[in-house]
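The structure under discussion appears below in the form of structure tokens.
The values are calculated or read from the model by the stated rules, or taken from the named source; none is laboratory data. Remember, it's a predicted structure, so these values are computed and weren't measured experimentally. Note that we place each Cβ from the backbone using ideal geometry, even for glycine, and neighbour counts take in every protein chain shown. Accessible surface is based on the protein model in full, side chains and every heavy atom, while ligands, DNA and RNA are left aside. Shrake-Rupley method; radii C 1.70, N 1.55, O 1.52, S 1.80 Å.
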Amino acid sequence: MTLFPRASGVLLHPTSLPAKYGIGDLGKSAYDFVDWLVKAHQSLWQVLPLGPTGYGDSPYQCLSAFAGNVNLISLDYLVNDGWLVDSDLADTPNFPVHTIDFGPVIEYHAKILALAYTRFKSKATAAQKKIFDKWRDDNNHWLPDWSLFIALKNDHNGRPWVEWDEGLALKNPEALATAKERLADEITKHEFYQWLFFNQWEDLKAYANNVGVKIVGDIPIFVAHDSSDVWGNRTLFNLDPKGNPTVVAGVPPDYFAKTGQYWGNPLYNWDAMKEIGYQWWIDRVAFTLKTVDYVRIDHFRGFEAYWEVTTNPEKHATKKYGKWVKAPGIDLFNAIQKALGDSLPIIAEDLGDITKEVIELRDQFNLPGMKILQFAWSNPENPFLPHNFVNNSVVYSGTHDNNTTLGWWQKEADDGARRFLSAYIDKEVIEPHWALIRLGMASAANTFIAPMQDILGYGADSRMNTPGRESGNWGWRFTGDIFKANYDDHLAYLTWLYKRRADQQGEVYGDPAKDDNDEG
């Protein structure tokens, strides 16, 4: 059986799920969504990175490449487990239902999780504590750095680690020993939070897998400077003696930003990575693949060559400030392949300024690339048009970085793109989201994924992220009545029609279900 059989799925980050505590979580609505996927005959659920977010609330700027976002912990399920009681949740604020007000949400969840930890300390049985201790031991390759880092960060009022006392910022052994003793309870508290997160996530993943839904995760190629990863592994990054980046990541001018994008992430010291056999990267990929079934690596082209930007106050990434620098792509993936096996369940996000060398790197390891239908409507040679797709690819109507398809059609598509799409489907475009979904479903690509907003036909106000905008992203949510509507019906029909259902393997004829939707 092929690693990427013909299938389809939905892109939805758990934060967007319905929940009464201000943010989507891993509770009942997550299970309801899995059930909804099954009704719609979808076999893939793609999520964004699941790590703890920092400034800007972006899942692509996490405080750890390994830890989970504790704001996703279901508080209701903590009641079921005995770590909370109903009265702990009696005074829940009146959070908005269609968006996330991150500040108050984070503050509320921190308060409630602290109650759960207090009850764990006083009520946990010896058997429960033994299970917790074993989990800590099993995650010893990342958990100590994370729990100490976040305890110290909170102790410094959330300031970046380069602004801490120098002994702590630069990990002086004596300073760390003193801090560990002083913050011992705080450290254990954050280990407890991670235990809760991964217990809930593993239960949800097991449920999804059991009903035929596989999870597609996401690894950003770069990590945030203010993270336990950089603080704990300074020699693996290009930093000055104080820990500040000497050069940072970005991308040159492209579709998303005319002046380029200044990401600000520290760049890897690839020579140091090679000296340790790329073990940090192997651990990162291996750990992520324990939590998901497939993983998309964001900005894959950076493994062949990356855009190195000099640190500057203007935060531009144009040629004046940046240049391409070669990366050890083949050497790195050979190491990952040797450690994890020849068939890597990795999707390469091969968008942007893609060269022949990037394509060769992707194809050498047989990784499917990405196709975005919103980018397709210029001329018949456009590589994002369905007739140009190869089987080993993943096609999207749009991604978390795009406008919704309806928003794109109404606000961004020019007259030429509108005419081209209409000519391509040989009819007037009435519902552009369903037009692109049908084209993606019908294509030769093994995998098709649509953002939930496109299935719902939502406009630009439901966009997840606008690249380059520093705030106001990542907050979109929907309400539980969606699960009771019939959005799944047409999706299920197209999935059957274009043979993407898991139970259609080897099928020759099926029941000719009637298509009641005349999308265009």
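Quick check: is even one residue across the stretch 228-239 in a strand (DSSP E or B) and closer than 25 Å to ILE346 by Cβ?
yes
Among (1) in contact with a Phe, Trp or Tyr (Cβ under 7 Å, 6 or more places away or on another chain); (2) of a type in the set (A, V, I, L, M); (3) closer than 30 Å to ILE455 by Cβ, which single condition is VAL38 missing?
Exception for VAL38: condition (1).
Does at least one position in the stretch 253-271 carry a residue that is closer than 28 Å to TRP195 by Cβ and either in contact with an Asp or Glu (Cβ under 7 Å, 6 or more places away or on another chain) or at pLDDT below 95 (or both)?
No.
GLY56 is checked against (1) at pLDDT below 95; (2) in contact with a Lys or Arg (Cβ under 6 Å, 6 or more places away or on another chain); (3) among the small types (Gly, Ala, Ser) and fails just one. What number does that condition carry?
(2)
Pull up the stretch 80-109, narrow it to residues that are among the aliphatic types (A, V, I, L, M) and under 18 Å from LEU17 (Cβ atoms), then point me to the one that is modelled with the lowest pLDDT.
Here the answer is VAL97.
List every residue pair whose Cβ atoms sit under 7 Å apart, with the two residues 6 or more apart in sequence or on different chains, where the first one lies in the stretch 224-243 and is under 13 Å from ALA169 (Cβ atoms) and the second, anywhere, is β-branched (Val, Ile, Thr) and assigned to a loop (DSSP other than H, G, I, E, B).
Listed pairs, sorted by first residue: VAL230/VAL223; LEU239/THR246; ASP240/THR246.
Give the stretch 31-55 a look and list any residue that's assigned to a helix (DSSP H, G or I) and open to solvent by less than 20 Å² (accessible area, probe 1.4 Å), or say none.
Of everything in the stretch 31-55, those that are assigned to a helix (DSSP H, G or I) and open to solvent by less than 20 Å² (accessible area, probe 1.4 Å) turn out to be PHE33, VAL34, TRP36, LEU37.
Could you please find all residues in the stretch 483-499 being part of a helix (DSSP H, G or I) and small (Gly, Ala, Ser)?
Once the filter is applied, which keeps residues that are part of a helix (DSSP H, G or I) and small (Gly, Ala, Ser), the stretch 483-499 yields only ALA492.
Which residue is surrounded by the fewest Cβ atoms within 10 Å (Cβ to Cβ), if the candidates are limited to the stretch 373-388 and must be under 22 Å from the mean Cα position of the chain (by Cα) and hydrophobic (A, V, I, L, M, F, W, C)?
Per the stated criteria, the residue is PHE375.
Among (1) over 23 Å from ALA502 (Cα atoms); (2) at pLDDT below 95, there is one condition ALA423 misses while meeting the rest; what is its number?
(2)
Can we say ASP254 is touching a residue at least 12 places away in the same chain (Cβ under 8 Å) and of a type outside the set (Gly, Ala, Ser)?
yes
Going through the stretch 272-287 one residue at a time, which ones are touching a Phe, Trp or Tyr at 6+ places or on another chain (Cβ under 7 Å) and either surrounded by fewer than 18 Cβ atoms within 10 Å (Cβ to Cβ) or modelled with pLDDT under 95 (or both)?
Matches in the stretch 272-287: PHE287 only.
If a residue has to be under 19 Å from PHE287 (Cα atoms), assigned to a loop (DSSP other than H, G, I, E, B) and open to solvent by 60 Å² or more (accessible area, probe 1.4 Å) to count, how many in the stretch 114-160 make the cut?
Looking only at that region, the number is 2.
Listed here are the residues, each with its yes/no results for (1) free of Cβ contacts under 8 Å to residues at least 40 places away in the same chain; (2) open to solvent by 20 Å² or more (accessible area, probe 1.4 Å).
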residue: PRO328; (1), (2): no, yes
residue: LEU332; (1), (2): no, no
residue: GLN337; (1), (2): yes, yes
residue: LEU340; (1), (2): no, yes
residue: GLY352; (1), (2): no, yes
residue: LEU367; (1), (2): no, no
residue: LYS371; (1), (2): no, yes
residue: VAL390; (1), (2): no, yes
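Within the stretch 288-312, which residues are surrounded by fewer than 21 Cβ atoms within 10 Å (Cβ to Cβ) and basic (Lys, Arg)?
LYS290
Name the residues in the stretch 56-103 that are part of a loop (DSSP other than H, G, I, E, B) and charged (D, E, K, R), would you?
Those that are part of a loop (DSSP other than H, G, I, E, B) and charged (D, E, K, R): ASP91, ASP101.
For HIS109, are the conditions met, namely being touching a residue at least 60 places away in the same chain (Cβ under 8 Å) and either on the phi > 0 side of the Ramachandran plot or not in a helix (DSSP H, G or I) (or both)?
So HIS109 fails the test.
Go through the stretch 178-227 residue by residue and tally those that are open to solvent by less than 20 Å² (accessible area, probe 1.4 Å), in contact with a strand residue (DSSP E or B) (Cβ under 9 Å, 6 or more places away or on another chain) and part of a helix (DSSP H, G or I).
Number of matching residues: 2.
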